[in-house]
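Notes for the one structure printed next.
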Amino acid sequence: MHKDVGQSGGLAMKQKVVVIGGGIAGIQASLDIADLGYEVHLVERSPSIGGRMAQLDKTFPTNDCSMCILSPKMIMCAGHENIHLHTYSEVTGVTGKFPKLKVTVKHKARYINIARCTGCGDCVAKCPVKVMNEFEEGLSKRKAIYLPFPQAVPRKVTIDAEHCRMITEKKCGVCKKVCQAGAIDYEQKDEFVKIGAAAVVIATGFDLSDTSKLPQHGMGVCKDVVTSLQLERILSASGPTGGHLVRASDGMEPKKLAFVQCVGSRDAKAFRYCSSVCCMYATKEAILVREHVPDINSTIFYMDMRATGKGFQEFVLRAQANYGVRYIRSRPAIVQPAHGESGVLVTYETGGAASEQLTEEFDMLVVCPALVPSKGSVELAELMGARLGEDRFIMTPSLRNPVDSTKKGVLVCGFAGEPMDIPDSVAQASGVAARVAELLQEAG
Amino acid sequence: MARTGVFICHCGHNIASIVAVEEVVKFARTLPGVVVADHNLYSCSEEGLSAIKTSIKQNNLDRVVVAACTPRTHEPLFRKICEEAGINKYLFEFVNIREHCSWIHAKEPGPATEKAKRLVAMGVSKAALLEPQAETESSVTPTAVVIGGGLAGLTAAASLVAQDIDTHLVEQEGEIGGHLSRVSVLAPEFDESRKLLDSLMSGLAGSEKAHIHLRSKLKDVHGFVGNFEVTIDEHGKELKIPAGAILVATGAQEFQPVGEYGFGELQGTITQLDLEKMLSEGKAPNRTVFIQCVGSRQPGREYCSRICCNTSLKNALRILDLNPKAAVTIIHRDIMSYGTAWEELYRRASERGVRFLRYALANPTKVTRKDGSLLVEVYDETLAERINVEADVVVLATPMVSRENSGDVSKMLKVPRDKYGFFLEAHVKLRPVEFATDGVFICGSARWPSSAKEVMCQALAAAAKAAIPIKRGKVIIEAITAWADPDKCAACGNCVTACPYEAVEIATQDGKQIAKVNDAQCKGCGACVAACPNDAMQQRGFTTRQLGAMIDSLVKNALEAEQ
Amino acid sequence: MLPELAFDKLGADLLLAMCEGHGNVGPIVISKGEKMAKVRTDVPYQLVTILTNIYPFIGQKKLALLCRRCDEKALAELEKRGLVDEKRVLRIGLACSADQIKACRCSDPVPSVVHIGAPGKPAGEDELMNKLLAMPSEERLKFWTAQFRKCNKCFACTLNCPVCFCDDCVLEERTFVAEKGIPPGMSFHLIRTFHLSDKCVECGECERSCPAGIPLLTLRKMAAKDMKALYGFVSGDKKKVSPLLTTLEGEPMEDECHEC
Amino acid sequence: MTEFEPTILAFCCNWCSYAGADLAGVSRLQMPPNVHIVRVMCSASVKPEYAIKAISQGIDGVLVLGCHIGDCHYMTGNHRTAKRFPVVQKLLEDVGIDKTRLRLDWVSAAEGEKFQKVVTEFVEDVKRLGPNPLKEVRF
């Protein structure tokens, strides 16, 4: 079925801008563009906006609670008169040229009548199917009908068609029975919406690179190896362990923790570039674990300590002085299980005068994988006709217009353009808003 | 009697792991006027907010107290919810039990819980006396003033003009460009800065919206968002500019490492900008050594200046372009080539044979002059050995430091700076280009040393933020202004002398002399309130009865507990 | 001679003075040409207090009043606050007698112009004050709390104060004086002392009119000493801007702990 | 007998000292839980009457915190604060109440540590002074 959300804003109506990606960059871009008086259509692939920042426990270097500062912005987005949310949706096509682009957005069937769902969660409680929870980075299970996380915006459940027994085998139907709002609709189909937009903003962010391709770092080989993002979830009050730091193999509280930087990044064989944020988030996590386990000691294996932002260097010094964080300039060669399934053995060069190969045991190991352009962003860029750089991030080649892609009217902000931290993403997102205003002024 | 609802936030573990939230809820239920008290995992989540909304409606509350984090970030959100639920947003009171309680008493859950109770009680007692308020709207002057004509200011101004906004660019030097005109090419893509400068200028030159003031200094700033009056001294003449928004783009300056590594004494020791000059004249030394972190990442100036490593990488490559036989060594502590482009630059430098030696703060490098050339003695941490490098030129990569005059700008605009003198944004994470003061914005290296691209992105961001009130054409004035109770006022004029904004005057009202406050001029500081001997002067949202009630509440709950 | 001085020499339309009448002595306003009652100069009373009450009703008329040094000061403080117009208030200088000076422990007894009486010598310092300041603070607190316990909140001190100009007094409400009933407790007296700190003329009327006999003048003198020590402030000094505590005059412009 | 825990009332201006207190929280700087903050827009709006009221009702100490002189969001507000409170301290002294029970200080938005220092010091000072004697005085 097809719907039309107005043709490219005639004189009477506000000009429209499509923002792709509902992470902090997309949210900020949407808010500023909307505040400038344009109509924003924010397209997010997952059921809720929030993106990666919603998964973080705290943010460096102030250790501000991530959700606390993000949540108000998510809600402002939902409440803004000029912003239309298209969650659980994807951009499937773009035609035309600036300033008359026609963007096709696919509203994936969530088998829920959004208007009716109150997000009460009764259905979730009763759903018999348990599946891997993406938001919790696979550390816990969710139901086949689910709310991605407690602060989700919009607060509407979604049925995961792949796993829903009613949809796959026409059995069950419990959720429909318990839903008093009558919001369940197993017959719902994907919907395609065409939006006449003057400009498009790409803010598709990042994914973690697949560490299983790098067994030397112990991923999948040792139970007690987690990714940095998994650790964020473990540390989060609303996370899978309720904020208790425990290791997978035996549920023990680790006392000796290691972080390995540049896993797959700054690596000719994997990803050549630096992911920009790992040095700082590892430092942050090393500080945070102390707040959970007072007598824990952390070691960070790094190549260069890139603490270049405001208050970053001081943050690292504080980690060393007050939180007993040990920094070792070395790239561990091998990581293997210690005894049985538990713990990890890390083998590394000590460097310096009497450089020798040491093997040290840790209770738990955190890998900081290369951060890569998010899944589908490459295809999306091709769809848009925007060129990619060698590292597969979307190119912004003109210094004069630092947020413009190679395609006129298609702008980029945040990690989609190159690795950067939250403040830089936010600044770029606001910058995009100014660029949109410039372009639409020019187009008249 | 007020019908007050109290909502206590767990903030996940942030509050609940220290403060016994349920206990505080029980206590709140016993407080006068409280008809309902509840708690949420995250009051600010859509779940928490809708819970509050529903409760307001179900219990027809006329006062709302939320005990959570700080009003400085979350008050607008909760006020909005009150409005949506149909009660005046000024009937909302915020109690901070996170920053001011759980986070700072992490080791004393018991006392922290007791304190949280007292704070909640204080909030409830104030809330009971809150009154509905109406906000006043004020117009916005459709003009922006950009202070500083470097890359940041220029980019911001160009964007504002391109958005059809009347823009004044104030530059203290005789020409536009700042550092841009002292650097010939810009990393990482080796763009010619001249071209960039021209292209930015062309955006301004053509437009009647652009007003460039050279040899001009900021002299004075009055007013508030939408209605500033910026006074500048344009080579001798004073000029008053009415403006809706102000952008600070005053940049930073290169630290001069006087006395370090023989700078100023040993011929051939120069700074990055000196080298830029040489290279722009096509001169490329045969043997160059860069020493990184000169005057930074050390006690007293702990910070990393972010751009020095990348500037050295850029210039190393330029030397090799001009003089392929040249020997270039970079002595560093960490190479800060973050991201894709800078790492690429690092890779290229290594491939082109630039030699990288790593030193530690503990083993300082020495520079001496030995028969005609400079001798650099460095202890390389990687090889763990002392290495001597001969050089014609030693480039001391020094940090960007805040401009001497940033203090004056900060005082005139009433915006804060950090301990290094860089401007302090409203929130390091989510408000990077805003100041806490509405209508004043910050971009570029005046905030923090940044690469050309970063500077330009921030400048665009600041331009967007400044454009928002101007495009809207109005700002709402918060209802925290003062008023005088005519029955009590004795027209003694204390308030008139106390007001920093000449917002109060003695006027005649039905034959009686009394103080009158001009809402438009009143900034809600409350100086007049404290000056009034007879409690006639009051500030909306901070009346003496409301604050008095908070004190009484503390007395009651703290002291009666003691006995 | 007083009528001539007031109406002919000074050109007043009205004269305010303490006179005998109905077998009593009290403040009386006499219009020009009206029959004079017997004026008494030996009864200390702050005619300025009466002046502030009748001031709104005398229109453009000129009023002369018998003016002690403390009345002069009070007038100065009121003029600074724009509450009375100097030109419409004519002063007949009245020098206090030695006994009066002694009773007031007055350090500044002689008016700028003396029409009546002979200039007397200033009294020495307030002995009670010095005694109290010499005490350890616990003792001092004991003394004052004992005194304040006697207060029955009759407001005579405020009603008879020449520089109390508010219509209804904040001390009558519970906003700041939280203690219920009588005696009102510490805040009542401290707040009043603070309010007077940049205008009290040490006339002693509060002390004289206090039925409980609380040494209020001593308390005022302590505050006056503080204001002199802190800001060199002396009440009634026309050159000094007032209200001192709301102006920027003489307050620290630099802040030692700032960025050091 | 348990150690005396003073009850302390603090007035913080919205722009500097309250923000400084927030920063102290964000930085998890630990300090004693005796201080209760009342947020005001400017320290110049803090009526000495509040301090007097609190102390005469038995509150053990009152803190007034503003922006550093020169940094006041309202230009000269804190100049007036700086002028008013020394007088109140003197008056307290005159009636025999230790003037250190009332403290005026400056904390900027960037001074979490300073806030922690001021609070910790003040609580110690007041503990040293012992309970506010007026608690015992019944009028």
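Here, each number is a calculation from the coordinates, and none is a lab measurement. Computed from a prediction, not measured in an experiment: that's the story for all the values here. Glycine also receives a Cβ, built like all others from the backbone with ideal geometry; neighbour counts cover every protein chain displayed.
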Between the alpha carbon centres of region B:53-96 and region A:148-207 the gap in Å comes to 31
Beyond 30 Å (Cα-Cα) in this structure, taken from A:K284/B:K277; A:K194/B:K471; B:K126/C:K180, we find A:K284/B:K277
About its Cα centre, region B:4-133 carries a charge dipole, from +1 on Lys and Arg Cβ atoms and -1 on Asp and Glu Cβ atoms, whose size in debye to the nearest 20 is 200
For C:K153, the aspartates and glutamates lying under 13 Å Cα to Cα, once residues fewer than eight places off in the same chain are dropped, come out as C:E172, C:E173, C:E179
Phi-derived 3J(HN,Hα) across region D:37-52 with the Karplus relation (6.51, -1.76, 1.60, θ = phi - 60°), rounded Hz, x for Gly and Pro, is 8, 10, 7, 10, 6, 8, 4, 5, 8, 7, 6, x, 3, 4, 4, 4
Taking a ≥ b ≥ c as the square roots of the Cα gyration tensor eigenvalues, with a/c under 1.5 meaning rounded and otherwise prolate when a/b beats b/c or oblate if not, chain A comes out oblate
Looking only at aspartates and glutamates whose Cα falls under 16 Å of A:K213's and that sit 8 or more positions away or on another chain, we get A:D267
Percent of all Cα-Cα pairs per 20 Å bin for the protein assembly as shown, counting from 0 up to the last occupied bin, reads 9, 32, 33, 18, 7, 1, 0
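Sort A:E382, C:E79 by Cβ crowding within 10 Å, fewest neighbours at the top.
So the ranking, lowest neighbour count to highest, is A:E382, C:E79.
How big is the equivalent ellipsoid of chain C along its three axes, where each semi-axis is √(5λ) from the Cα gyration tensor, reported in whole Å from largest to smallest?
Numbers: eigenvalues 220, 96, 73 Å².
Square roots of five times the eigenvalues give 33, 22, 19 Å.
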If each part is reduced to its alpha-carbon centroid, region D:1-43 and region B:14-42 end up apart, in Å, by 21
Counting only DSSP beta bridges fully inside the protein assembly as shown, the antiparallel percentage to nearest 5 is 45
Rounded to whole angstroms and listed largest first, the alpha-carbon spread of region A:210-370 along its three principal axes comes to 38, 38, 31
Checking region B:393-448 for GluC sites (Glu not before Pro) in a loop per DSSP with at most 13 other beta-carbon atoms within 10 Å yields B:E404
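Report the relative contact order of chain B, percent, no decimals, based on alpha-carbon pairs under 8 angstrom and at least 6 residues apart. All intermediate terms of the calculation are to be shown ahead of the outcome.
On the way: 1173 pairs, mean separation 76.6, N = 563.
Taking the mean separation of contacting Cα pairs over the length of chain B, I get 14 percent.
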Expressed as a whole-number percentage, the relative contact order of region A:210-370 with C-alpha contacts under 8 angstrom and at least six residues apart is 32
Ranked on Cβ counts within 10 Å of their own Cβ, fewest leading, B:T167, B:T340 go B:T340, B:T167
Pairs over 25 Å Cα to Cα, from D:K47/D:K99; B:K240/B:K419; B:K195/B:K283; C:K121/D:K90, come to B:K240/B:K419; C:K121/D:K90
Violations at 31 Å Cα threshold for listed pairs C:K199/D:K114; A:K58/A:K130; B:K53/B:K516; A:K408/B:K325; A:K108/B:K453 -> C:K199/D:K114; B:K53/B:K516; A:K408/B:K325; A:K108/B:K453
Residue-ordered couplings for region B:458-472, obtained by feeding phi - 60° into the Karplus form 6.51 cos²θ - 1.76 cosθ + 1.60 and rounding to whole Hz (Gly and Pro as x), are 5, 4, 4, 4, 4, 5, 5, 4, 5, 6, 4, x, 5, 5, 5
So for region B:41-191, using the alpha carbon gyration tensor with a ≥ b ≥ c as root eigenvalues (a/c under 1.5 gives rounded; past that, a/b versus b/c decides prolate or oblate), I'd call it prolate
Computed over chain B, the distribution of all Cα-Cα distances in 10 Å bins, rounded to whole %, is 3, 14, 19, 19, 18, 14, 9, 4, 1, 0
Loop-resident trypsin sites (Lys or Arg not before Pro) in region B:278-314 with no more than 13 other Cβ atoms inside 10 Å, DSSP not H/G/I/E/B, are B:K283
Over the Cα atoms of region B:436-563 the radius of gyration and the largest Cα-Cα distance (Dmax), both in Å, equal 21.8, 66
Expected sort for B:S184, B:S55 with the fewest Cβ neighbours (10 Å cutoff) up front is B:S184, B:S55
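Can you tell me the mean projection area, over all orientations, of the convex hull of region B:247-295's alpha carbons? Units nm², please. Intermediate values should be presented prior to the final figure.
On the way: hull surface 19.4 nm².
In nm², the orientation-averaged hull projection of region B:247-295 is 4.8.
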As a percent rounded to 5, the proportion of antiparallel DSSP bridges among beta bridges in chain B is 50
Those cysteines in chain A that have no second cysteine Cβ within a distance under 4.7 Å are A:C77, A:C117, A:C120, A:C127, A:C164, A:C172, A:C179, A:C222, A:C262, A:C274, A:C279, A:C413
The rounded separation in angstrom of the Cα centers of region B:465-491 and region B:407-454 is 25
Per 5 angstrom bin, beginning at 0 and ending with the bin that holds the maximum distance, the Cα pairs of region B:1-116 fall in percents of 2, 13, 24, 25, 19, 11, 4, 1, 0
In whole Hz, the Karplus estimates of ³J(HN,Hα) for region B:165-179 (6.51, -1.76, 1.60; θ = phi - 60°; x where Gly or Pro) are 10, 4, 9, 10, 9, 10, 10, 7, 7, x, 9, 7, x, x, 4
With the 8 Å Cα cutoff and a minimum separation of six or more residues, region B:4-133 has a relative contact order in percent of 32
Check: in region C:2-104 the Lys pairs 8 or more apart or on separate chains whose Cα atoms fall under 28 Å apart number 28
For region B:65-138, listing trypsin sites (Lys or Arg not before Pro) in a DSSP loop whose Cβ sees at most 12 other Cβ atoms within 10 Å gives B:K107
Once the in-chain neighbours fewer than 8 apart are removed, the aspartates and glutamates whose Cα is under 13 Å from B:K512 read B:D485, B:D487, C:D167
